[in-house]
Amino acid sequence: MPAFTEELRKQADQIWEANLNHPFVRGIAEGNLPLEKFKYYVLQDSYYLSHFARIQALGAARADDLYTTSRMAAHAQGTNEAELALHEKFIKQLHITEEELAEFEPAPTAYNYTSHLYRVADSGSLGEIIAAILPCYWIYHEIGERFEGAEPKEPIYQEWIAAYGGVWFGQLVQEQISRLDNLAENASHAERKKMTQHFLLSCQYEYLFWEMAFILEKWPVPNTRILSSERRTENV
Ligand SMILES: Cc1ncc(C[n+]2csc(CCO)c2C)c(N)n1
């Protein structure tokens, strides 16, 4: 019988390819994505990551054994130290101003995607949480691998691709794939169905996240400061 994650990957094939071919992703690989769009992405993604780390920590708390708790917590730490640090570096390189940071508001898709993850973490098992967060790891790694030799002219885009294609990141992805396969083996049919649903929804949200940045998505009535208490990240 094929592994559960193999089945998930097959079911997600169409949305997966759509992610890899999105004009935002192609623009990074080809080096012609306007920096304005990347800047917008970096700010929204910092917000996303600060919540992603919390979801990983909620997964740590949901685990049945201490080893898994410590690994999930280590992944949360990794999100802070590796991913968010990369973004902080980009924020400096892109000359994003204090004013731009102060004016930050999560866009609809960033808010909706993190809300989806919280919904799973609120009521789901560890297996459900991992199914919901796995596309974040897996799609980025596949993008990093597929565009490894792309060498875009923009150094920031080169760095971005290199961060996700590497062996170190590949091991983190593989760890979560194996964890989900093990959890799925002991899960009921109903739980596996929920895992599949969360996984496929997250794949769709990954696509929507590129689209959000590509169109510089805004709320219908922007700057109402409804979400002004939603900090971009709490590191700064
Ligand atoms: C929208 C969005 N989706 C996925 C990632 C990539 N990512 C986020 S956390 C994580 C695992 C490391 O702890 C990875 C690979 C991103 N940056 N932004």
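Just a few scattered comments:
- Qualifying positions in the stretch 58-85 - of a type in the set (A, V, I, L, M, F, W, C) and within 16 Å of Tyr48 (Cα to Cα): Leu58, Ala76, Ala82, Leu84, Ala85
- Some residue of the stretch 108-120 being at pLDDT 95 or above, within 26 Å of Leu43 (Cβ to Cβ), away from the ligand (no atom under 16 Å from the Cβ) and part of a helix (DSSP H, G or I): yes
- Residue check, Ala76 over 29 Å from Glu36 (Cα atoms) and either at pLDDT 95 or above or within 11 Å of the ligand (Cβ to nearest atom) (or both): no
Let's see how each residue does on (1) closer than 18 Å to Ala213 by Cβ; (2) among the basic types (Lys, Arg); (3) touching a helix residue (DSSP H, G or I) at 6+ places or on another chain (Cβ under 8 Å); (4) exposed (fewer than 14 other Cβ atoms within 10 Å of the Cβ):
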position	(1), (2), (3), (4)
Ser70	no, no, yes, yes
Asn80	no, no, yes, no
His87	yes, no, yes, no
Gln93	yes, no, yes, yes
Glu100	yes, no, yes, no
Ala107	yes, no, yes, no
Asn112	yes, no, yes, no
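- Qualifying residue in the stretch 45-58 (condition: at pLDDT 95 or above, over 20 Å from Phe209 (Cβ atoms), surrounded by 14 or more Cβ atoms within 10 Å (Cβ to Cβ) and within 16 Å of the ligand (Cβ to nearest atom)): yes
- Every test in (1) within 16 Å of the ligand (Cβ to nearest atom); (2) assigned to a helix (DSSP H, G or I); (3) in contact (Cβ under 8 Å) with a residue 24 or more places away in the chain is passed by Leu33 save one, and that test is (2).
- Residue match in the stretch 86-104 (condition: within 11 Å of the ligand (Cβ to nearest atom) and assigned to a helix (DSSP H, G or I)): yes
- Complete set of residues in the stretch 58-67 that are farther than 13 Å from Ser125 by Cα and assigned to a helix (DSSP H, G or I): Leu66, Tyr67
- Selection from the stretch 144-177 of residues that are of a type in the set (A, V, I, L, M, F, W, C), modelled with pLDDT under 95 and within 10 Å of the ligand (Cβ to nearest atom): Trp160, Ala163, Phe169
- Residue that is farthest from Glu30 (Cα to Cα) [pool: residues in the stretch 126-158 that are buried (at least 19 other Cβ atoms within 10 Å of the Cβ) and small (Gly, Ala, Ser)]: Gly127
- The residue of the stretch 1-15 that is modelled with the lowest pLDDT, among those that are surrounded by fewer than 21 Cβ atoms within 10 Å (Cβ to Cβ) and hydrophobic (A, V, I, L, M, F, W, C), is Met1.
- Filtering the stretch 160-181 to residues that are loosely packed, with under 13 Cβ neighbours inside 10 Å and not hydrophobic (A, V, I, L, M, F, W, C) leaves Gln171, Ser178.
- Residue pairs whose Cβ atoms lie under 8 Å apart, sitting 6 or more positions apart in sequence or on different chains, and linking a residue in the stretch 200-213 that is within 18 Å of His141 (Cα to Cα) to a partner that is charged (D, E, K, R) and within 11 Å of the ligand (Cβ to nearest atom), are Phe209/Asp45.
- Any pair with Cβ under 6 angstrom, 6 or more apart, that starts in the stretch 84-101 at a residue that is at pLDDT below 85 and ends at one that is assigned to a helix (DSSP H, G or I): Leu84/Leu49; Leu86/Ala163; His87/Val42; His87/Ser46
The values are calculated or read from the model by the stated rules, or taken from the named source; none is laboratory data. Remember, predicted model here, so these are calculated numbers, not experimental data. No Cβ is skipped: glycine too gets one built from the backbone with ideal geometry, and neighbour counts run over all protein chains shown.
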